[in-house]
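The values are calculated or read from the model by the stated rules, or taken from the named source; none is laboratory data. Source: prediction; values computed, not measured. Cβ placement follows ideal geometry from the backbone for every residue including glycine, while neighbour counts extend to all protein chains displayed. These accessible areas exclude ligands, DNA and RNA; they are computed on the full protein's heavy atoms, side chains included. Shrake-Rupley method; radii C 1.70, N 1.55, O 1.52, S 1.80 Å.
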Amino acid sequence: MGMQVLWRTAMRKAVVLGTAGAMAVGGMVAMAGTAEAAGTLGAAAAQQGRYFGTAVANNRLAETDYVNVLNTEFNSVTPENEMKWDALEPSRGSFNFTNADKIVNHAKARNMQVRGHTLVWHSQLPSWVGSLGADELRKAMTTHITEVMTHWKGQIAAWDVVNEAFQDGTSGARRNSPFQDKLGAGYIEEAFRIARSVDPAAKLCYNDYNTDGINAKSTAVYNMVKDFKARGVPIDCVGFQGHFNSNSPVTADFQQNLERFAALGVDIQITELDIEGSGSEQAANYEKVVKGCLAVSRCTGITVWGVTDKYSWRSSGTPLLFDGNYQKKPAYTAVLDVLNGGSTTPPPTSPPPTTPPPGGSGSCTATFRTDSSWSGGYNGTVTVKAGSSAVTRWTVPLTMASGTSITALWNGVHTTSGSTVTVKNQSWNGSLAAGASTTFSFTVNGGNAAPAVGACSTS
């Protein structure tokens with residue numbers, strides 16, 4: 001959970017803090033398939049191919065008003081504290097999943113996604129972790145990631161694998177922590193590789209605060225992600241916490257910052273959004289953030305850090321969309337209006353199949369690249385490029401390697417017949433000017449062999 005460093009420490013002494021993470025493309029809520037304005041945050045976000053979630057506390061699930069708003073408005077949940085190390089493994093090798101299971105089961109019963117938060121973090125660690133030497137700490141980290149992810153394997157769309165590993169300020173340095181101090185900077189890569197080996201289908205995210213704009217800290221994170229992608233370290237998404245107030249406002253380069261991360265080939269999530277203030281000013285700031293996300297195709301969703309101001313860790317700043325009496329605030333209306341107003345960039349998940357427009361007379365080519373891989377699967381992208389004339393629709397056939405299958409595909413409409421997967425354009429990415437290109441991406445399980453890409457056609 002992020003904030004200005006001077007009051008961050010003080011608040012931790014008074015409040016149990018929470019931190020959130022990111023959502024998987026493959027696990028995203030299906031779009032509603034209607035052009036009509038949706039009446040709730042989750043439904044409106046789903047029409048944009050995104051999710052709209054909230055942080056949830058297990059001890060609030062017995063409160064009727066809390067649960068009613070949760071169930072009505074949101075389609076994704078992140079446990080506030082119940083999945084942190086001190087809650088799950090208070091003593092070495094002894095795990096307690098009871099409270100977190102209650103949140104997961106509540107979400108599953110209502111077809112909500114669950115974000116896992118967080119596996120490795122310097123805060124909310126039981127004291128025994130910090131007392132270990134390097135070898136035992138590495139073993140403990142491996143065991144913790146393995147046991148926790150195995151317990152919820154197949155149930156968590158995305159994990160905040162590592163949280164808040166960089167210092168505030170202008171140094172761009174890694175934060176001092178038992179992991180950094182005893183294992184070195186390589187612990188972050190180790191954690192991601194362990195996580196991928198445990199649950200190849202879950203999206204793996206890095207999450208941090210005060211990285212919402214372009215600054216020394218966000219650039220340090222950017223450089224790490226760029227390095228990971230170049231070397232094949234399994235990272236799928238980056239979480240931007242989004243804790244804003246008058247001392248830390250929504251930055252003018254917020255969208256630009258999201259765009260530069262997305263260009264690295266990772267998904268983007270707003271993971272812990274809360275904006276102190278009230279009235280039209282607060283509403284305008286929420287609007288900026290939501291518009292910024294919708295304008296970036298790989299920004300897959302938004303999570304606000306709590307249901308009601310009453311239980312916010314920043315309650316005196318009234319930072320959420322519902323007040324202490326669960327009444328909708330002007331910020332709620334602003335967010336819902338933006339979500340219902342549409343985005344300028346199509347989202348990365350697949351909307352319901354639509355009938356493509358009549359085909360153009362030009363030609364097209366299709367080329368494949370592997371974005372990331374793990375034992376038994378990979379993420380891949382196909383780039384479709386128009387030839388010397390414009391096209392208005394395209395089709396690309398893929399022949400899958402034996403034993404492999406596509407488990408999720410976005411930015412295209414696909415049908416499968418045996419080993420052949422035929423991918424056609426969506427209604428919004430079929431028209432390409434001469435020489436222009438678009439992409440569709442997918443997740444494959446069952447092996448690492450790349451598909452054979454057939455000839456792109458425009459008929």
What net charge is computed for the residues neighbouring Val384, neighbours being all others with C-beta under 12 Å from the C-beta of Val384, Lys and Arg scored +1, Asp and Glu -1?
-> +3
From the residues Asn210, Gln426, Ala262, which one has its Cα farthest along the dipole of the chain in the positive direction, the dipole being from +1 and -1 charges on Cβ of Lys/Arg and Asp/Glu about the Cα centre?
-> Gln426
In terms of the charge dipole of region 150-265, which places +1 on Lys and Arg and -1 on Asp and Glu at the beta carbon, the residue among Thr219, Pro200, Ser171 farthest towards the positive end is Pro200
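Please list the helices of the chain that count as membrane-span-like by this rule: a mean Kyte-Doolittle hydropathy of at least -0.5 together with Cα atoms stretching 24 Å or more along the helix axis, each helix being a complete DSSP H run. Don't skip to the answer; put the middle values down first.
Numbers: long enough: 134-151 (25 Å, -0.46).
The answer, listed by residue number, is 134-151.
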Considering only the other residues whose Cβ falls under 15 Å of the Cβ of Val413, what net charge follows from Lys and Arg at +1 and Asp and Glu at -1?
-> +2
To the nearest 10 square angstrom, how much accessible area does Ser402 have with a 1.4 angstrom probe?
-> 120 Å²
For labels at Thr219 and Ser315 in the simple 7 Å Cα→Cβ model, what's the distance in nm?
-> 4.1 nm
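List the relative contact order of region 192-238 as a percent without decimals, with contacts defined as Cα pairs under 8 Å and 6+ residues apart. Could the numbers behind the result be given before it?
Values: 34 pairs, mean separation 24.0, N = 47.
It comes to 51 percent, rounded to a whole number.
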For region 280-347, with +1 on Lys and Arg beta carbons and -1 on Asp and Glu, the positive-most of Pro319, Gly306, Tyr286 along the dipole = Gly306
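What part of the accessible area of the chain, given as a whole %, is carbon or sulfur when the probe is 1.4 angstrom?
Carbon and sulfur together cover 50 percent of it.
Explain nothing, just the number: dipole magnitude of the chain about its Cα centre with +1 on each Lys and Arg Cβ and -1 on each Asp and Glu Cβ, in debye rounded to the nearest 20.
Values: 36 positive and 35 negative charges, 162 e Å.
The calculated dipole for the chain is roughly 780 debye.
What does the accessible area per residue of region 135-215 come to in Å², with a 1.4 Å probe and no ligands, DNA or RNA counted? All intermediate terms of the calculation are to be shown ahead of the outcome.
Numbers: 2740 Å² over 81 residues.
Each residue of region 135-215 exposes 34 Å² on average to a 1.4 Å probe.
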With +1 on the Cβ of every Lys and Arg and -1 on the Cβ of every Asp and Glu, the dipole magnitude of region 200-349 about its Cα centre, in debye rounded to the nearest 20, is 320 debye
Estimated Rh, region 379-459: Kirkwood, alpha-carbon pairs, angstrom | 12.9 Å
Estimated inter-spin distance, Ser437 and Asn325, nm [label 7 Å along Cα→Cβ] | 5.7 nm
The ³J(HN,Hα) series, computed from each phi in region 414-422 with the Karplus coefficients 6.51, -1.76 and 1.60 at θ = phi - 60°, rounded to the nearest Hz and given as x for glycine or proline, is 10, 10, 10, 9, x, 8, 9, 10, 9
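Which three numbers, in whole Å and largest first, are the semi-axes of the equivalent ellipsoid of region 116-219 derived from its Cα gyration tensor as √(5λ)? It would help to have the intermediate numbers written out before the result.
Details: eigenvalues 101, 69, 23 Å².
Each semi-axis is √(5λ); the values are 22, 19, 11 Å.
Taking a probe of 1.4 Å, how large is the accessible area per residue of region 419-459, in Å²?
Working: 1590 Å² over 41 residues.
Dividing the accessible area of region 419-459 by its residue count gives 39 Å².
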With contacts defined as alpha carbon pairs under 8 Å and 6 or more residues apart, what's the relative contact order of region 75-155 in percent?
-> 37 percent
Gain in span if fully extended, Thr420 to His151, counting 0.36 nm per residue against the direct Cα distance | 93.4 nm
Distance from the Cα centre of region 374-438 to that of region 43-66, in angstrom?
-> 33 Å
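By how many nm would the segment from Thr64 to Lys108 lengthen if fully extended, with 0.36 nm per residue of separation less the alpha-carbon distance?
On the way: separation 44, 0.36 × 44 = 15.84 nm, distance 1.86 nm.
Difference between extended and current length: 14.0 nm.
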Normalising by the residue count of the chain, find the relative contact order in percent from Cα pairs under 8 Å and 6+ residues apart.
-> 15 percent
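Using only Cα atoms, figure out Rg for region 153-211 and give it as a multiple of 2.2 N^0.38 Å. Could you put the intermediate results ahead of the total?
Numbers: Rg = 12.8 Å, N = 59, 2.2 N^0.38 = 10.4 Å.
Dividing the Cα Rg of region 153-211 by 2.2 N^0.38 Å gives 1.24.
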Unit charges on C-beta of K, R, D, E only; dipole of region 241-296, Debye | 160 debye
Can you give the accessible area of Lys328 in Å² (nearest 10), computed on protein heavy atoms with a 1.4 Å probe?
-> 120 Å²
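Provide the net charge surrounding Trp121, with neighbours chosen by a C-beta distance below 11 Å and charges set as Lys +1, Arg +1, Asp -1, Glu -1.
-2
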Taking 7 Å along the Cα-to-C-beta vector as the label spot, tell me the Lys226-Ser123 distance in nanometres, rounded to one decimal.
-> 2.8 nm
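Quick one: length gained pulling Glu136 to Thr365 fully straight, 0.36 nm per residue minus the C-alpha distance? It would help to have the intermediate numbers written out before the result.
Values: separation 229, 0.36 × 229 = 82.44 nm, distance 5.25 nm.
Stretched out fully, the Glu136 to Thr365 stretch lengthens by 77.2 nm.
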